[in-house]
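Please treat every number below as a calculation from the coordinates, not as lab data. Fair warning: this is a prediction, and the values are worked out from it, not measured in the lab. Neighbour counts are summed over all protein chains in view; Cβ atoms, including those assigned to glycine, are modelled from backbone coordinates with ideal geometry.
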Amino acid sequence: MTNQAKGIFYTLITVSLWGVLAIALKIASKEIDSPTIVWFRFSLAFSGMFVWMAFKNPKGLQILYKPSWLIVISSLALAWNYIGFMLGIQYTSPSNAQVAIQSGPVLLAIFGIFFFKEKISRIQMAGFLLALIGFYIFYRQHLNAMSGHESQYTKGMLLTLSGAVTWAVYAALQKKLVLNYSVGTLNVFIFGLPVLIYLPFVNFASLAHLSFGYWALLVFLGANTLISYACLSLALKYLEAGKVSIIIVLNPIITFILMGILTWMQVDWIAGEHFSVLSIAGALLALTGAILVVRKKKSINT
């Protein structure tokens, strides 16, 4: 398997897991507060990675007490990304948060221009404009549908956007860090530091009274974290950041389809989405713009 094929394969795994993640987080938020969910996700992911490293690469665990400042910043960025996205879902909906969080790959492309010396094309500039127009249309349509809850919706979108910014910082640093560290070495620290950061905010009493179904959901969320970010690190190792971003941008489509089905079925365990022709058009326009931004011109060299 070529490096490009490996990169695409690992990116698709990440996309699939992230496509269902927002829905799972929304369901979990009905019984568990956001900091506790985020802490548990990092705790389970860190535990799994720690055990793996202990058997496969014990020396790599030295990073836990000898991290570089870039790794610390990367971990802090991901820590905020998790809580920003979680609160965004809590205050809005899975589909809304998924559209807003896609500004992350767009920002990653911008970072690529400034930090990786990548050139920007006219198509990318047009993509920026389309993405902004699409985000605005989507935002306005859902804001109009949230009668009486406009401030809550805006708060949720702003929190999600803050998570997108920190995700772009995390991903940009990962692109640099994977050149010098293994994926396992990076992730064992990046998952571990947030466990300590969020520990004071954990509501352990709520965990003690969870049903088996919610415990299973929490385990899934932790496994989702471990697998998706390990695959993302591998994807960035084998594939250009721009190509990874293009595929990642498509993950809201999975969320939209699933939420559309659940809304049509009128299930009582998750609130339905407020879809309209204009909101869907805005979302598609935003995603199209994002794809144009993160795509790269084909090289003419052979």
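Looking only at helices (runs of 4 or more DSSP H) that lie completely in the range 193-302, which have at least 3 residues being touching a Phe, Trp or Tyr at 6+ places or on another chain (Cβ under 6 Å)?
Working: elements: 204-208, 212-238, 241-248, 251-265, 277-294.
The helices (runs of 4 or more DSSP H) meeting that bar are 212-238, 277-294.
Does PHE114 satisfy being aromatic (Phe, Trp, Tyr), in a helix (DSSP H, G or I) and under 24 Å from VAL183 (Cα atoms)? No: the conditions fail for PHE114. ILE190 meets each of the listed conditions (1) hydrophobic (A, V, I, L, M, F, W, C); (2) under 19 Å from the mean Cα position of the chain (by Cα); (3) outside any helix (DSSP H, G or I) apart from (3). Looking only at residues in the range 150-177 that are buried (at least 21 other Cβ atoms within 10 Å of the Cβ) and of a type in the set (Gly, Ala, Ser), the one that is nearest to GLY84 (Cα to Cα) is GLY163. Among the conditions (1) touching a helix residue (DSSP H, G or I) at 6+ places or on another chain (Cβ under 8 Å); (2) more than 17 Å from TRP18 (Cβ to Cβ), the only one that PHE85 does not satisfy is (2). Is it true that some residue in the range 37-51 is more than 29 Å from GLY88 (Cα to Cα) and surrounded by fewer than 16 Cβ atoms within 10 Å (Cβ to Cβ)? Yes, the range 37-51 has at least one match. The residue list ILE83, ILE123, ILE71, ILE137 contains one member that is surrounded by 17 or more Cβ atoms within 10 Å (Cβ to Cβ), over 25 Å from LEU258 (Cα atoms), touching a residue at least 60 places away in the same chain (Cβ under 8 Å) and not basic (Lys, Arg), which is ILE71.
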